[in-house]
Amino acid sequence: MTSGDKRKRWIPCLLVIVLALTACSSQRIVDQINILMILGLDKSDNGFKGTGLYSDFNHGEKLTLLQGTAAKPTLLLNKMNNQSPQPVEIAKLEMILFDKQLAEDGISPFIETIFKDPLISNYLIVAVSEGATASMLETLVDKKGDSLPYHIIKQNIQSGGIPDSNLHTLLFDYYGEGRDMSVPYLTLNPGGKIALAGYAIFKDEHLKLIINQEELPLYTMLHGNLRGDVPFTIRTGQNKGMAVFSSIYGKESRSVSKSINETKVIYNMMVNGMVKDYPKWTDLRDEGNVRELILQLEKQMSSKLAVLLNKFVKEKVDPFGVGDLVRAHSRDWCEKEFYEVEYPKIKFEVNLKVHLSKSGT
(Lines give C-alpha, C1' and ligand atoms only; values in the text may rest on other atoms or scores of the structure.)
Protein backbone atom coordinates (compact mmCIF):
# COMPACT_ATOMS: atom_id res chain seq x y z
CA MET A 1 0.00 0.00 0.00
CA THR A 2 1.42 3.39 -0.96
CA SER A 3 1.73 6.33 1.44
CA GLY A 4 -0.93 8.15 -0.62
CA ASP A 5 -3.40 5.32 -0.05
CA LYS A 6 -2.72 5.43 3.68
CA ARG A 7 -3.44 9.17 3.77
CA LYS A 8 -6.75 8.61 1.93
CA ARG A 9 -7.77 6.03 4.56
CA TRP A 10 -7.26 8.59 7.34
CA ILE A 11 -9.34 11.34 5.72
CA PRO A 12 -12.81 9.94 6.70
CA CYS A 13 -11.59 9.36 10.26
CA LEU A 14 -10.34 12.93 10.54
CA LEU A 15 -13.67 14.29 9.23
CA VAL A 16 -15.59 12.32 11.85
CA ILE A 17 -13.32 13.62 14.63
CA VAL A 18 -13.61 17.23 13.43
CA LEU A 19 -17.42 17.05 13.22
CA ALA A 20 -17.64 15.51 16.67
CA LEU A 21 -15.42 18.20 18.18
CA THR A 22 -17.44 20.92 16.44
CA ALA A 23 -20.72 19.54 17.81
CA CYS A 24 -19.29 19.36 21.32
CA SER A 25 -17.95 22.90 21.03
CA SER A 26 -21.36 24.21 19.84
CA GLN A 27 -23.08 22.40 22.69
CA ARG A 28 -20.76 23.96 25.23
CA ILE A 29 -21.36 27.43 23.74
CA VAL A 30 -25.16 27.06 24.00
CA ASP A 31 -24.82 25.83 27.56
CA GLN A 32 -22.57 28.70 28.54
CA ILE A 33 -24.61 31.70 27.35
CA ASN A 34 -28.18 32.92 27.81
CA ILE A 35 -29.69 33.66 24.39
CA LEU A 36 -32.66 35.99 24.76
CA MET A 37 -35.62 35.12 22.53
CA ILE A 38 -38.05 37.82 23.69
CA LEU A 39 -37.42 41.22 25.22
CA GLY A 40 -40.34 42.98 26.91
CA LEU A 41 -40.13 46.73 27.55
CA ASP A 42 -42.09 48.69 30.15
CA LYS A 43 -41.91 52.11 31.75
CA SER A 44 -40.37 52.34 35.21
CA ASP A 45 -39.69 55.05 37.78
CA ASN A 46 -36.03 55.03 36.75
CA GLY A 47 -36.65 55.01 33.00
CA PHE A 48 -37.27 51.61 31.43
CA LYS A 49 -37.73 48.04 32.64
CA GLY A 50 -36.61 45.16 30.46
CA THR A 51 -37.83 41.58 30.80
CA GLY A 52 -36.03 38.91 28.82
CA LEU A 53 -36.90 35.25 28.27
CA TYR A 54 -34.39 32.57 27.32
CA SER A 55 -34.33 28.78 27.16
CA ASP A 56 -32.21 27.33 29.95
CA PHE A 57 -30.42 24.40 28.29
CA ASN A 58 -29.05 23.31 31.65
CA HIS A 59 -32.56 22.75 33.01
CA GLY A 60 -34.52 21.02 30.27
CA GLU A 61 -34.77 24.09 27.98
CA LYS A 62 -37.37 25.65 30.26
CA LEU A 63 -38.06 29.35 29.76
CA THR A 64 -36.27 31.51 32.34
CA LEU A 65 -36.68 35.19 33.16
CA LEU A 66 -34.14 38.01 33.43
CA GLN A 67 -35.08 41.58 34.37
CA GLY A 68 -33.34 44.92 34.67
CA THR A 69 -34.11 48.63 34.89
CA ALA A 70 -32.10 51.45 33.37
CA ALA A 71 -32.39 55.10 32.40
CA LYS A 72 -31.33 54.36 28.81
CA PRO A 73 -32.37 51.48 26.49
CA THR A 74 -28.78 50.54 25.69
CA LEU A 75 -28.06 49.89 29.38
CA LEU A 76 -30.83 47.31 29.86
CA LEU A 77 -28.73 44.42 28.58
CA ASN A 78 -25.92 45.41 30.96
CA LYS A 79 -28.36 45.27 33.88
CA MET A 80 -29.44 41.76 32.87
CA ASN A 81 -25.82 40.68 32.53
CA ASN A 82 -25.15 41.90 36.06
CA GLN A 83 -27.56 39.32 37.50
CA SER A 84 -26.74 36.42 35.19
CA PRO A 85 -23.98 33.82 35.83
CA GLN A 86 -23.61 33.50 32.04
CA PRO A 87 -23.30 36.15 29.29
CA VAL A 88 -26.59 37.43 27.89
CA GLU A 89 -26.79 37.58 24.08
CA ILE A 90 -29.41 39.10 21.73
CA ALA A 91 -28.15 37.72 18.41
CA LYS A 92 -31.10 35.29 18.21
CA LEU A 93 -33.74 37.70 19.51
CA GLU A 94 -37.09 36.84 17.90
CA MET A 95 -39.41 39.47 19.37
CA ILE A 96 -39.53 42.85 21.10
CA LEU A 97 -42.73 43.62 23.00
CA PHE A 98 -43.74 47.11 24.15
CA ASP A 99 -46.33 47.74 26.82
CA LYS A 100 -49.18 50.02 25.75
CA GLN A 101 -48.24 52.94 28.01
CA LEU A 102 -44.66 53.00 26.77
CA ALA A 103 -45.84 52.77 23.15
CA GLU A 104 -48.18 55.74 23.70
CA ASP A 105 -45.28 57.79 25.10
CA GLY A 106 -43.14 56.95 22.07
CA ILE A 107 -40.74 54.23 20.98
CA SER A 108 -38.14 56.34 19.16
CA PRO A 109 -35.51 55.80 21.92
CA PHE A 110 -35.57 52.11 20.98
CA ILE A 111 -35.78 52.65 17.23
CA GLU A 112 -32.64 54.76 17.40
CA THR A 113 -30.71 52.32 19.62
CA ILE A 114 -31.72 48.66 19.99
CA PHE A 115 -33.37 48.43 16.56
CA LYS A 116 -30.16 49.62 14.92
CA ASP A 117 -27.99 47.00 16.63
CA PRO A 118 -26.29 45.02 13.82
CA LEU A 119 -26.97 41.79 15.75
CA ILE A 120 -30.76 42.34 15.47
CA SER A 121 -32.47 40.59 12.55
CA ASN A 122 -34.75 42.45 10.13
CA TYR A 123 -37.20 39.57 10.62
CA LEU A 124 -37.59 40.38 14.32
CA ILE A 125 -41.25 40.60 15.37
CA VAL A 126 -42.36 43.83 17.09
CA ALA A 127 -45.66 43.97 19.01
CA VAL A 128 -47.57 45.88 21.68
CA SER A 129 -49.10 44.31 24.79
CA GLU A 130 -52.30 45.46 26.46
CA GLY A 131 -50.71 45.45 29.92
CA ALA A 132 -47.23 45.30 31.37
CA THR A 133 -44.96 43.05 29.34
CA ALA A 134 -43.35 41.79 32.56
CA SER A 135 -46.69 40.38 33.73
CA MET A 136 -47.35 38.79 30.34
CA LEU A 137 -43.92 37.16 30.05
CA GLU A 138 -43.96 35.91 33.64
CA THR A 139 -46.81 33.57 32.65
CA LEU A 140 -44.35 31.72 30.37
CA VAL A 141 -41.69 30.91 32.98
CA ASP A 142 -40.83 27.17 33.14
CA LYS A 143 -42.71 26.49 29.90
CA LYS A 144 -41.19 25.36 26.60
CA GLY A 145 -40.15 27.61 23.73
CA ASP A 146 -43.12 26.62 21.55
CA SER A 147 -45.38 28.65 23.88
CA LEU A 148 -43.65 31.95 23.01
CA PRO A 149 -46.02 34.56 21.52
CA TYR A 150 -44.05 35.21 18.36
CA HIS A 151 -45.22 31.77 17.18
CA ILE A 152 -48.81 33.08 17.42
CA ILE A 153 -47.97 36.09 15.25
CA LYS A 154 -46.00 34.11 12.66
CA GLN A 155 -48.79 31.54 12.36
CA ASN A 156 -51.37 34.28 11.78
CA ILE A 157 -49.16 35.92 9.15
CA GLN A 158 -48.73 32.62 7.32
CA SER A 159 -52.46 31.85 7.43
CA GLY A 160 -53.39 35.33 6.19
CA GLY A 161 -54.99 36.46 9.44
CA ILE A 162 -52.79 39.57 9.74
CA PRO A 163 -50.49 41.52 7.39
CA ASP A 164 -46.78 40.79 7.10
CA SER A 165 -45.10 42.40 10.09
CA ASN A 166 -41.48 42.52 11.21
CA LEU A 167 -38.72 45.01 11.97
CA HIS A 168 -38.11 45.64 8.28
CA THR A 169 -41.72 46.69 7.60
CA LEU A 170 -41.81 48.77 10.79
CA LEU A 171 -38.68 50.75 9.89
CA PHE A 172 -39.89 51.19 6.30
CA ASP A 173 -43.13 52.73 7.57
CA TYR A 174 -41.37 54.79 10.27
CA TYR A 175 -38.80 56.42 8.01
CA GLY A 176 -40.91 56.51 4.84
CA GLU A 177 -43.01 59.52 3.90
CA GLY A 178 -46.77 59.23 3.62
CA ARG A 179 -47.30 56.21 5.87
CA ASP A 180 -47.54 55.16 9.54
CA MET A 181 -46.33 52.15 11.50
CA SER A 182 -48.57 49.33 12.69
CA VAL A 183 -47.80 46.15 14.66
CA PRO A 184 -49.75 43.24 16.23
CA TYR A 185 -51.49 43.83 19.57
CA LEU A 186 -51.42 41.10 22.23
CA THR A 187 -53.35 40.53 25.42
CA LEU A 188 -53.85 37.95 28.16
CA ASN A 189 -57.26 36.33 27.66
CA PRO A 190 -59.52 35.35 30.59
CA GLY A 191 -57.82 31.94 30.69
CA GLY A 192 -54.41 33.55 31.20
CA LYS A 193 -53.24 32.68 27.67
CA ILE A 194 -51.47 35.16 25.40
CA ALA A 195 -53.69 35.96 22.42
CA LEU A 196 -53.77 38.22 19.37
CA ALA A 197 -56.32 40.93 20.19
CA GLY A 198 -56.02 43.35 17.29
CA TYR A 199 -53.55 45.73 15.69
CA ALA A 200 -51.73 48.76 17.08
CA ILE A 201 -51.57 51.83 14.80
CA PHE A 202 -48.95 54.53 15.39
CA LYS A 203 -48.63 58.16 14.42
CA ASP A 204 -44.93 58.91 14.10
CA GLU A 205 -43.42 57.20 17.17
CA HIS A 206 -46.59 57.24 19.31
CA LEU A 207 -49.30 54.58 19.59
CA LYS A 208 -52.51 56.28 18.51
CA LEU A 209 -55.19 53.67 17.87
CA ILE A 210 -56.05 50.00 18.50
CA ILE A 211 -58.25 48.17 16.03
CA ASN A 212 -60.19 45.22 17.44
CA GLN A 213 -60.59 41.63 16.30
CA GLU A 214 -63.76 42.39 14.34
CA GLU A 215 -61.94 45.06 12.30
CA LEU A 216 -58.79 42.98 11.86
CA PRO A 217 -59.92 40.90 8.80
CA LEU A 218 -60.94 44.11 7.02
CA TYR A 219 -57.66 45.76 7.94
CA THR A 220 -55.75 42.81 6.54
CA MET A 221 -57.74 42.92 3.30
CA LEU A 222 -56.93 46.60 2.83
CA HIS A 223 -53.26 45.68 3.15
CA GLY A 224 -53.70 43.46 0.09
CA ASN A 225 -53.93 40.11 1.88
CA LEU A 226 -57.34 38.94 0.70
CA ARG A 227 -57.68 35.85 2.88
CA GLY A 228 -59.76 35.58 6.03
CA ASP A 229 -63.21 35.19 7.55
CA VAL A 230 -65.69 38.08 7.58
CA PRO A 231 -69.16 37.84 9.22
CA PHE A 232 -72.12 39.42 7.43
CA THR A 233 -75.91 39.60 7.65
CA ILE A 234 -78.29 37.73 5.34
CA ARG A 235 -81.82 39.01 4.78
CA THR A 236 -84.48 37.09 2.85
CA GLY A 237 -88.06 38.31 3.21
CA GLN A 238 -88.84 38.30 6.95
CA ASN A 239 -85.80 36.19 7.74
CA LYS A 240 -82.55 37.64 9.05
CA GLY A 241 -79.42 35.80 10.15
CA MET A 242 -75.63 35.75 10.25
CA ALA A 243 -73.18 33.97 7.96
CA VAL A 244 -69.42 33.97 7.45
CA PHE A 245 -67.67 34.68 4.18
CA SER A 246 -64.32 32.91 4.00
CA SER A 247 -62.09 34.57 1.41
CA ILE A 248 -59.59 32.13 -0.10
CA TYR A 249 -57.75 34.38 -2.55
CA GLY A 250 -58.18 37.56 -4.51
CA LYS A 251 -56.67 40.59 -6.19
CA GLU A 252 -56.52 44.23 -5.18
CA SER A 253 -55.51 47.43 -6.94
CA ARG A 254 -55.50 51.06 -5.87
CA SER A 255 -55.68 54.22 -7.92
CA VAL A 256 -55.99 57.95 -7.34
CA SER A 257 -58.44 60.35 -8.96
CA LYS A 258 -57.61 64.04 -8.48
CA SER A 259 -59.49 67.20 -9.30
CA ILE A 260 -59.15 70.78 -8.14
CA ASN A 261 -61.51 70.26 -5.20
CA GLU A 262 -61.22 66.54 -4.44
CA THR A 263 -58.78 63.69 -4.05
CA LYS A 264 -60.28 60.22 -4.26
CA VAL A 265 -58.56 56.89 -3.61
CA ILE A 266 -60.22 53.96 -5.39
CA TYR A 267 -59.89 50.38 -4.18
CA ASN A 268 -60.79 47.64 -6.67
CA MET A 269 -61.02 44.20 -5.11
CA MET A 270 -61.93 40.80 -6.48
CA VAL A 271 -62.23 37.99 -3.93
CA ASN A 272 -62.97 34.30 -4.29
CA GLY A 273 -64.28 32.28 -1.40
CA MET A 274 -67.13 30.42 0.21
CA VAL A 275 -70.00 31.13 2.57
CA LYS A 276 -70.01 29.15 5.82
CA ASP A 277 -72.29 28.89 8.83
CA TYR A 278 -75.30 30.32 7.00
CA PRO A 279 -78.88 29.98 8.32
CA LYS A 280 -80.76 26.78 7.49
CA TRP A 281 -83.50 28.73 5.77
CA THR A 282 -81.00 29.92 3.14
CA ASP A 283 -81.04 27.58 0.14
CA LEU A 284 -77.81 28.18 -1.79
CA ARG A 285 -78.74 25.56 -4.37
CA ASP A 286 -81.05 28.21 -5.81
CA GLU A 287 -79.15 30.51 -8.20
CA GLY A 288 -81.43 33.42 -7.36
CA ASN A 289 -80.61 33.11 -3.66
CA VAL A 290 -76.90 32.96 -4.48
CA ARG A 291 -77.06 36.14 -6.58
CA GLU A 292 -78.95 37.96 -3.82
CA LEU A 293 -76.50 36.77 -1.19
CA ILE A 294 -73.54 37.99 -3.28
CA LEU A 295 -75.14 41.43 -3.68
CA GLN A 296 -75.74 41.73 0.06
CA LEU A 297 -72.21 40.54 0.83
CA GLU A 298 -70.57 42.96 -1.63
CA LYS A 299 -72.59 45.89 -0.30
CA GLN A 300 -71.86 45.15 3.37
CA MET A 301 -68.16 44.44 2.94
CA SER A 302 -67.62 47.52 0.74
CA SER A 303 -69.36 49.64 3.36
CA LYS A 304 -67.31 48.17 6.24
CA LEU A 305 -64.05 48.68 4.36
CA ALA A 306 -64.94 52.31 3.63
CA VAL A 307 -65.92 52.89 7.27
CA LEU A 308 -62.53 51.59 8.42
CA LEU A 309 -60.67 53.78 5.93
CA ASN A 310 -62.58 56.84 7.11
CA LYS A 311 -61.92 55.90 10.74
CA PHE A 312 -58.19 56.18 10.10
CA VAL A 313 -58.69 59.57 8.47
CA LYS A 314 -60.65 60.75 11.51
CA GLU A 315 -57.92 59.50 13.85
CA LYS A 316 -55.24 61.15 11.67
CA VAL A 317 -53.30 57.95 11.01
CA ASP A 318 -52.29 56.40 7.69
CA PRO A 319 -51.29 52.74 8.05
CA PHE A 320 -52.05 51.97 4.38
CA GLY A 321 -49.68 54.57 2.95
CA VAL A 322 -52.42 56.63 1.28
CA GLY A 323 -50.14 59.67 1.45
CA ASP A 324 -47.38 57.77 -0.33
CA LEU A 325 -49.87 56.66 -3.01
CA VAL A 326 -51.07 60.23 -3.59
CA ARG A 327 -47.47 61.44 -3.68
CA ALA A 328 -46.81 59.08 -6.60
CA HIS A 329 -49.57 60.88 -8.53
CA SER A 330 -48.53 64.42 -7.60
CA ARG A 331 -45.85 66.75 -8.91
CA ASP A 332 -45.42 68.84 -5.81
CA TRP A 333 -46.22 66.93 -2.63
CA CYS A 334 -45.52 68.06 0.92
CA GLU A 335 -46.17 65.57 3.71
CA LYS A 336 -47.08 68.18 6.33
CA GLU A 337 -49.48 69.99 4.00
CA PHE A 338 -51.06 66.75 2.78
CA TYR A 339 -51.99 65.51 6.28
CA GLU A 340 -53.14 68.92 7.47
CA VAL A 341 -55.19 69.96 4.44
CA GLU A 342 -55.80 67.14 1.95
CA TYR A 343 -56.04 63.96 4.03
CA PRO A 344 -58.95 65.14 6.26
CA LYS A 345 -61.06 65.72 3.10
CA ILE A 346 -59.99 62.66 1.13
CA LYS A 347 -62.68 60.41 -0.37
CA PHE A 348 -62.65 56.64 -0.71
CA GLU A 349 -64.41 54.42 -3.22
CA VAL A 350 -64.40 50.67 -2.61
CA ASN A 351 -65.45 48.43 -5.49
CA LEU A 352 -65.71 44.81 -4.38
CA LYS A 353 -66.61 41.82 -6.51
CA VAL A 354 -67.25 38.46 -4.88
CA HIS A 355 -67.05 35.06 -6.60
CA LEU A 356 -68.38 32.08 -4.67
CA SER A 357 -66.47 28.94 -5.50
CA LYS A 358 -68.46 26.76 -3.14
CA SER A 359 -70.42 26.91 0.09
CA GLY A 360 -70.11 25.19 3.42
CA THR A 361 -72.73 24.34 5.98
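I need the shape label for the stretch 78-152. Rule: rounded when a/c is under 1.5, else prolate if a/b > b/c, else oblate, with a, b, c from the alpha carbon gyration tensor.
Details: a/c = 1.35, a/b = 1.05, b/c = 1.28.
Cα axes put the stretch 78-152 in the rounded bin.
State, to one decimal in nm, how far the label point of residue 44 lies from the label point of residue 274, with both points 7 Å from Cα in the Cβ direction.
Each label point lies 7 Å from its Cα, and together they span 5.2 nm.
Based on the alpha-carbon gyration tensor of the chain, what equivalent-ellipsoid semi-axes (square roots of 5 times the eigenvalues) come out, in whole Å, largest first? Before the final figure, lay out the partial values.
Values: eigenvalues 411, 160, 101 Å².
Equivalent-ellipsoid dimensions as semi-axes: 45, 28, 22 Å.
What aspartates and glutamates could a cross-link reach from residue 208, if we take a straight Cα to Cα line under 12 Å and drop same-chain neighbours fewer than 8 places away?
Answer for residue 208, where 12 Å is the Cα cut-off: 104, 105, 180, 315, 318, listed by chain and number.
Excluding residues on the same chain fewer than 8 positions from residue 258, give the aspartates and glutamates whose Cα lies under 18 Å from its Cα.
By straight Cα distance, residue 258 reaches 324, 332, 335, 337, 340, 342, 349.
With a 1.4 Å probe and every protein chain left in place, tell me how much accessible area residue 267 has, in Å² to the nearest 10.
About 0 Å², ignoring ligands and nucleic acids.
Send over the per residue convex hull volume for the stretch 282-361, Cα only, as a whole number of Å³. Don't jump to the answer; show the numbers that get you there.
Values: hull volume 10.1 nm³, N = 80.
Per-residue hull volume (Cα only) is 126 Å³.
What net charge is computed for the residues neighbouring residue 41, neighbours being all others with C-beta under 9 Å from the C-beta of residue 41, Lys and Arg scored +1, Asp and Glu -1? Could you put the intermediate results ahead of the total?
Numbers: positive: 43, 49; negative: 42, 99.
For residues surrounding residue 41, the net value is 0.
Straight-line reach from residue 276: which lysines fall under 17 Å, measuring Cα to Cα and dropping same-chain residues less than 8 apart?
Once the sequence-local lysines are set aside, what remains near residue 276 is 240, 358.
If you project the alpha carbons of the stretch 164-212 onto their three principal axes, what span does each projection cover, largest first, in Å?
Principal extents (Cα only, largest first): 41, 20, 14 Å.
Just how much of residue 151 is accessible, in Å², when a 1.4 Å probe is used and the result is rounded to the nearest 10?
80
Taking the stretch 129-210, which trypsin sites (Lys or Arg not before Pro) meet the DSSP loop condition and have no more than 14 other C-beta atoms within 10 Å? Walk me through the numbers before you get to the answer.
Details: sites: 143, 144, 154, 179, 193, 203, 208; in loops: 143, 144, 179, 193.
Sparse-neighbourhood loop trypsin sites (Lys or Arg not before Pro): 143, 144, 193.
Quick check on the stretch 161-260: take the gyration tensor over C-alpha atoms, sort the square-rooted eigenvalues as a ≥ b ≥ c, and tell me if it's rounded (a/c under 1.5), prolate or oblate. Walk me through the intermediate numbers first.
Numbers: a/c = 2.19, a/b = 1.25, b/c = 1.75.
It comes out oblate by the Cα gyration axes.
Under the classification rounded if a/c is under 1.5, otherwise prolate if a/b is larger than b/c and oblate if not, where does the stretch 215-361 fall, given a ≥ b ≥ c as square roots of the Cα gyration tensor eigenvalues?
Values: a/c = 2.71, a/b = 2.52, b/c = 1.08.
The shape class here is prolate.
Work out, step by step, the length gained on full extension between residue 78 and residue 260: first 0.36 nm times the residue separation, then minus their alpha carbon distance; give nm to one decimal.
Numbers: separation 182, 0.36 × 182 = 65.52 nm, distance 5.72 nm.
Length difference between fully extended and current span is 59.8 nm.
Can you tell me how much longer the chain between residue 292 and residue 307 gets when fully stretched, taken as 0.36 nm per residue apart minus their C-alpha distance, in nm with one decimal?
Full extension from residue 292 to residue 307 adds 3.1 nm.
Could I have the simple spin-label model distance between residue 89 and residue 246, label points 7 Å from Cα toward Cβ, reported in nm to one decimal?
It works out to 4.3 nm between the two label points.
Hey, if you put +1 on the Cβ of every Lys and Arg and -1 on every Asp and Glu Cβ in the chain, which of 83, 278, 175 ends up farthest toward the positive end of that dipole?
278
What do you get for the angle between helix 287-314 and the principal long axis of the chain? Use alpha-carbon atoms, 0 to 90 degrees, nearest ten.
The answer is roughly 70 degrees.
May I ask what percent, to the nearest 5, of DSSP beta bridges between residues of the chain are antiparallel?
Details: 52 of 77 bridges.
About 70 percent, rounded to the nearest 5.
Find the centroid of the Cα atoms in the stretch 199-224 and in the stretch 143-184, then give the distance between the two in whole Å.
Result: 12 Å between the Cα centres.
Do the alpha carbons of any pairs in 92/143; 154/353; 280/353; 304/336 sit beyond 22 Å of each other, and which pairs? Provide the component values of the computation, followed by the final result.
On the way: 92/143 19 Å; 154/353 29 Å; 280/353 25 Å; 304/336 28 Å.
The answer is 154/353; 280/353; 304/336.
With 24 Å as the limit, write out which pairs from 49/193; 43/314; 264/316; 316/347; 62/100 have Cα-Cα distances beyond it, or answer none.
Values: 49/193 22 Å; 43/314 29 Å; 264/316 17 Å; 316/347 14 Å; 62/100 27 Å.
Flagged as over cut-off: 43/314; 62/100.
The values are calculated or read from the model by the stated rules, or taken from the named source; none is laboratory data. Nothing here was measured: the structure is a model prediction, and the numbers come from that model. In this analysis, Cβ positions are derived from the backbone assuming ideal geometry, glycine residues included, and neighbour counts consider all displayed protein chains. In case anyone asks, the SASA skips ligands and DNA or RNA and just uses the protein heavy atoms, side chains included. Shrake-Rupley method; radii C 1.70, N 1.55, O 1.52, S 1.80 Å.
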